[in-house]
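A short worksheet on the structure shown next.
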Amino acid sequence: MKEKLKQLLINFHSPGRRYSYYPSLPKWEHSLEREEILKSLNSKEVDLYIHIPYCENLCTFCGCNIKITKEKAQFDEYIDKVLSEWKEYKAKIPDLVLNSIFLGGGTPTSLLPHQLQRLIATILDQTPKTETFQGTVETDPRLEQREQLRVLNSFGFNSISIGVQDFDEKTLHNVNRIQTIDDVKRTMNCAVEEGFNETSLDLIYGLPFQTSESFKKTIQQVLELSPTRICNYPLAKVPWQKGPQNAFGIYKTLKTEEMFDLYLESDEALKAGGYQLLGMGHYSKSRNSHSRNIMGYTTNKTYSVLGLGVSAISNFNGILFQNDKILDKYLISKNTIKISHKKNELETKLEEIFLKLTCEYEFVLEEVMALGENKDYLLKNLTYLENNELIELRDQKYLITETGKHFLRTICQTIESFVYN
């Protein structure tokens with residue numbers, strides 16, 4: 001079974017996106033006036049994403065929008081800018097209710113406790129939360145951060161995402177990340193003691209020097225820590241990483257087949273350890289239903305996403321928009337929104353189909369067929385997926401099989417290629 005799945009992974013392997021919003025950035029065609037965007041902000045319940053770009057050290061596998069610094073005084077200027085954005089949005093939606101807040105980075109807990117206090121207190125001032133509100137923070141386990149977590153929990157934050165990547169010393173040192181399992185244990189224990197009841201650990205497979213044995217040991221160590229969720233991502237290869245990678249270490253990445261070997265072995269171990277595959281590399285102990293947005297899978301139902309901070313993306317009432325990706329420009333610009341896109345009816349329908357497909361693991365054949373003309377092309381490709389046991393047809397509805405959860409991107413790509421064929 002494992003060899004068959006490996007062959008399928010190789011056959012269907014192709015670059016692609018995660019379909020957490022639609023359309024993707026390269027397909028954005030419009031640049032809307034700021035006023036038009038602001039007028040669209042009429043949803044009441046909102047998921048808030050806040051990007052904190054600061055990190056104390058450079059990890060050479062990272063493709064995020066970050067700034068390396070230990071000078072914490074400069075964070076106040078950034079917080080001021082984020083809060084000015086929030087003030088403008090809040091004025092447009094005075095009865096706004098927060099469904100969730102996600103602090104991403106970068107390393108949000110690199111902010112000092114009083115800086116986090118000011119940021120979150122100002123946002124929540126006279127802004128109610130839903131009964132199912134969830135606050136999540138990404139963090140680096142190498143930091144001392146008890147006070148930061150205590151501040152966040154006082155505002156209702158209960159979920160923490162911890163960057164692990166690997167536990168093998170040689171692998172970590174090569175990507176300029178000096179970290180131990182004790183750092184992760186300390187951070188997890190601290191989070192639980194401070195009231196966080198959901199813990200997620202992030203892993204990366206495909207890093208230089210990873211081997212079957214070393215990564216298998218990492219997975220077993222992760223299972224012993226018993227987090228609520230585990231994210232197992234492939235190493236992303238992006239052009240702007242090459243300089244730092246060559247400067248800090250030896251960066252000969254694994255071959256595709258070697259990466260899939262690591263993925264399949266880890267998948268087998270995680271499932272044996274009591275985790276279910278949600279898709280896109282996400283695993284969960286919970287058997288509850290999950291929703292999905294730009295931040296990933298969540299047990300909290302997704303609503304409109306509003307992004308604050310440099311490079312943050314918003315998905316709001318039919319409009320996608322992103323802030324300036326250059327930190328210095330973001331800080332001085334009166335209009336932080338750099339690019340935007342107004343979804344047409346077709347794109348909106350596709351986004352709905354992809355969300356249902358990746359969260360409820362089904363899609364209705366008739367709904368998909370209505371979006372394109374070459375029906376024979378679609379049926380031929382769906383039959384191919386069905387013959388490979390990725391999907392199965394029941395009463396004009398396609399269900400994603402357990403094997404198919406490994407290929408959610410492929411199934412989405414199949415539908416998208418039919419629509420635009």
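The values are calculated or read from the model by the stated rules, or taken from the named source; none is laboratory data. As the structure is a prediction and not an experimental result, all values here were calculated from the model. Neighbour counts run over all protein chains shown; Cβ positions are idealised from the backbone, glycine included.
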Scanning the stretch 363-372 for residues that are in contact with a Phe, Trp or Tyr (Cβ under 9 Å, 6 or more places away or on another chain) and either of a type in the set (F, W, Y) or loosely packed, with under 15 Cβ neighbours inside 10 Å (or both), the one farthest from H282 (Cα to Cα) turns out to be V364
Inside the stretch 175-202, the number of residues satisfying the requirement of being crowded, with 21+ Cβ neighbours inside 10 Å and either closer than 17 Å to L58 by Cα or basic (K, R) (or both) is 2
Over the stretch 86-95, the set of residues in a helix (DSSP H, G or I) and closer than 18 Å to N317 by Cα is W86, E88, Y89, K90, A91, K92
Going through (1) touching a residue at least 60 places away in the same chain (Cβ under 8 Å); (2) surrounded by 15 or more Cβ atoms within 10 Å (Cβ to Cβ) one by one, T109 fails only at (1)
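With the structure loaded, tell me whether S43 is assigned to a loop (DSSP other than H, G, I, E, B) and surrounded by fewer than 13 Cβ atoms within 10 Å (Cβ to Cβ) or whether it fails that test. It would help to see each step written out before you state the result.
Details: assigned to a loop (DSSP other than H, G, I, E, B): yes; surrounded by fewer than 13 Cβ atoms within 10 Å (Cβ to Cβ): no.
No; evaluated as a whole, the condition is false for this residue.
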Within the stretch 128-142, residues being under 22 Å from the mean Cα position of the chain (by Cα) and not in a strand (DSSP E or B) number 3
Going residue by residue through the stretch 359-380, is there one that turns out to be in the same structural domain as F12 (by TED's automatic domain parsing) and β-branched (V, I, T)? yes
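Results for (1) modelled with pLDDT of 95 or more; (2) under 19 Å from the mean Cα position of the chain (by Cα); (3) of a type outside the set (K, R), shown as yes or no for each residue.
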{"position": "V82", "(1), (2), (3)": "yes, no, yes"}
{"position": "E85", "(1), (2), (3)": "yes, no, yes"}
{"position": "P94", "(1), (2), (3)": "no, no, yes"}
{"position": "T107", "(1), (2), (3)": "yes, yes, yes"}
{"position": "I120", "(1), (2), (3)": "yes, no, yes"}
{"position": "Q126", "(1), (2), (3)": "no, no, yes"}
{"position": "I160", "(1), (2), (3)": "yes, yes, yes"}
{"position": "F167", "(1), (2), (3)": "yes, no, yes"}
Flagged in the stretch 381-421 as under 21 Å from S289 (Cα atoms) and either in the same structural domain as P234 (by TED's automatic domain parsing) or not in a strand (DSSP E or B) (or both), in numbering order, are L390, T401, E402, T403, G404, K405, H406, F407, L408, R409, I411, C412
Given (1) free of Cβ contacts under 8 Å to residues at least 12 places away in the same chain; (2) surrounded by 14 or more Cβ atoms within 10 Å (Cβ to Cβ); (3) basic (K, R), R394 misses just (2)
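Here is a yes/no grid of residues against (1) of a type in the set (D, E, K, R); (2) at pLDDT below 90; (3) over 24 Å from Y297 (Cα atoms):
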{"residue": "S14", "(1), (2), (3)": "no, yes, no"}
{"residue": "E29", "(1), (2), (3)": "yes, yes, yes"}
{"residue": "Q74", "(1), (2), (3)": "no, no, yes"}
{"residue": "S100", "(1), (2), (3)": "no, no, no"}
Of the residues in the stretch 65-74 that are surrounded by fewer than 15 Cβ atoms within 10 Å (Cβ to Cβ) and of a type outside the set (D, E, K, R), the one that is farthest from L112 (Cα to Cα) is I68
Selection from the stretch 61-80 of residues within 19 Å of the chain's Cα centre (by Cα) and of a type in the set (V, I, T) yields I66
Test: I219 is outside any strand (DSSP E or B) and at pLDDT 95 or above: yes
### So K44, is it in the same structural domain as H406 (by TED's automatic domain parsing) and over 25 Å from S110 (Cβ atoms)
no
* If you go through the stretch 355-362 one residue at a time, do you hit one that is assigned to a strand (DSSP E or B) and at pLDDT 95 or above? -> yes
Might you check whether a residue that is within 19 Å of D168 (Cα to Cα), in a helix (DSSP H, G or I) and modelled with pLDDT of 95 or more occurs anywhere in the stretch 269-289?
yes
Problem set entry | Flag for Y49 being among the aromatic types (F, W, Y), in a helix (DSSP H, G or I), modelled with pLDDT of 90 or more and in the same structural domain as Y233 (by TED's automatic domain parsing) | no
The lone condition N176 fails out of (1) touching a strand residue (DSSP E or B) at 6+ places or on another chain (Cβ under 8 Å); (2) under 20 Å from S110 (Cβ atoms) is (1)
Result of the Cβ filter at 7 Å on the stretch 67-89, keeping first residues that are in the same structural domain as I120 (by TED's automatic domain parsing) and partners that are among the β-branched types (V, I, T) and surrounded by 18 or more Cβ atoms within 10 Å (Cβ to Cβ), at least 6 apart or interchain, is V82/I50; E85/T336; W86/I123
Here the residues within the stretch 164-181 that are assigned to a helix (DSSP H, G or I) and of a type in the set (V, I, T) are T171, I181
Given the conditions (1) assigned by TED's automatic domain parsing to the domain that holds G281; (2) more than 22 Å from I294 (Cβ to Cβ); (3) among the hydrophobic types (A, V, I, L, M, F, W, C); (4) surrounded by 13 or more Cβ atoms within 10 Å (Cβ to Cβ), every one holds for F12 apart from (1)
